[in-house]
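The values are calculated or read from the model by the stated rules, or taken from the named source; none is laboratory data. Here the structure is a predicted model, which means the values were calculated and not measured. Virtual Cβ from ideal backbone geometry, glycine too; neighbours counted across all protein chains shown. Just so you know, the surface numbers come from the protein's heavy atoms only, side chains and all, with ligands and any DNA or RNA stripped out. Shrake-Rupley method; radii C 1.70, N 1.55, O 1.52, S 1.80 Å.
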Amino acid sequence: ARERIDLHLRDIAALRRFGAAQGATLAMVLLAALKLLLARYAATQDVVVGMPVAGRHHPHARRQVGPLINTLVIRSRIDVSRGLQHALTEVRLAMLEALAHQDVPFDQVVQALRISRDPSRSPLFGVMFNMLNTPFTGMDLPSVKWSRVEFDKSSAQFDLQVTVDALHSRAILLEYSTDLYARDSIMRFASQYRALLKDVAAGRHG
């Protein structure tokens, strides 16, 4: 199933400014807050989250047709007692290291770690994070009318996928496995995530 909870434009702008002051991107701030919340829920410091990358950082790939998306594994040690600022430092370092090796295919990482495949779940991580920040200006196709269509998928690809739309709807979108989570639990998690982000935006981040 999918749920959404709205963010305010001013909160996104404040989060972006907070990140810039720490030498971090908005995506790093959003992921650090998510990891801090996951660490609290799971009572662990070892938090692993997946994140897609476009795979178009090389100039020769920018005009290539088709998806070149790869998945990065972002592993961080999150000490909940030290707050968001410390979590951001850990996530920033982990993301920079992962991005430096973003050309390594995800399947190759799984093989190198000798992880046995289970078709019922994703290897290495159960939570996927994504931030939508690419402008979509539309398509100019002669004599063709088009519109964007949202549709419900019949299954969840991950136990939980958290997507923050920082451009269009400015919403937190959650796709989750209904075999694992009830809607009330997901909505409570989303509300806590938004509350944490609003605290950071307001300067209450520890």
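Dimensions of region 148-206 along principal axes (Cα, Å, largest first)?
That gives 40, 30, 16 Å along the principal axes, largest extent first.
Using a 1.4 Å probe on the protein heavy atoms, what percent of the accessible area of the chain belongs to carbon and sulfur?
Of all accessible area on the chain, carbon and sulfur atoms account for 52 percent.
Taking H as built 1.01 Å from N, whose amide H comes closer than 5 Å to the amide H of Met131, not counting residues under 5 places away?
Those qualifying (amide H under 5 Å, at least 5 residues apart or on another chain) are Val164.
With the other protein chains left in place, how much accessible area per residue, in square angstrom, belongs to the chain at a 1.4 angstrom probe?
Value returned for the chain: 61 Å² of accessible area per residue.
How many Å³ per residue does the convex hull of the Cα positions in region 105-204 occupy?
Taking the convex hull of the Cα positions in region 105-204, it is 184 Å³ per residue.
Output the relative contact order of region 58-206, whole-number percent, from Cα pairs under 8 angstrom with separation of 6+ residues.
19 percent
Go ahead and estimate [θ] at 222 nm for the chain from helices alone: -39,500 (n - 2.57) per DSSP H run with n ≥ 4, summed, over the residue count, rounded to 500.
-11500 deg cm²/dmol
Lys35: which aspartates and glutamates have alpha carbons under 20 Å from its alpha carbon, excluding same-chain residues fewer than 8 sequence positions away?
Those aspartates and glutamates meeting the cut-off are Glu3, Asp6, Asp11, Asp46, Asp79, Glu90, Glu97, Asp159, Asp165, Glu175, Asp199.
About the Cα centre of region 2-158, what is the dipole size in debye to 20, counting +1 per Lys and Arg Cβ and -1 per Asp and Glu Cβ, all else neutral?
I would put it at about 160 debye.
If I stretch the segment between Glu150 and Glu97 completely, what's the gain in nm (0.36 nm per residue apart, minus their alpha carbon distance), one decimal?
Value of the extension gain: 15.7 nm.
If I model the chain as equal point scatterers sitting on the Cα atoms and use the Debye formula, what is log10 I(q)/I(0) at q = 0.07, 0.12, 0.16, 0.17 Å⁻¹?
-0.22, -0.67, -1.21, -1.35
Starting with the highest mean, order 110-119, 6-15, 140-149 by the number of other Cβ atoms within 10 Å, averaged over the residues of each peptide.
Per-residue mean Cβ counts within 10 Å order the peptides as 6-15, 110-119, 140-149.
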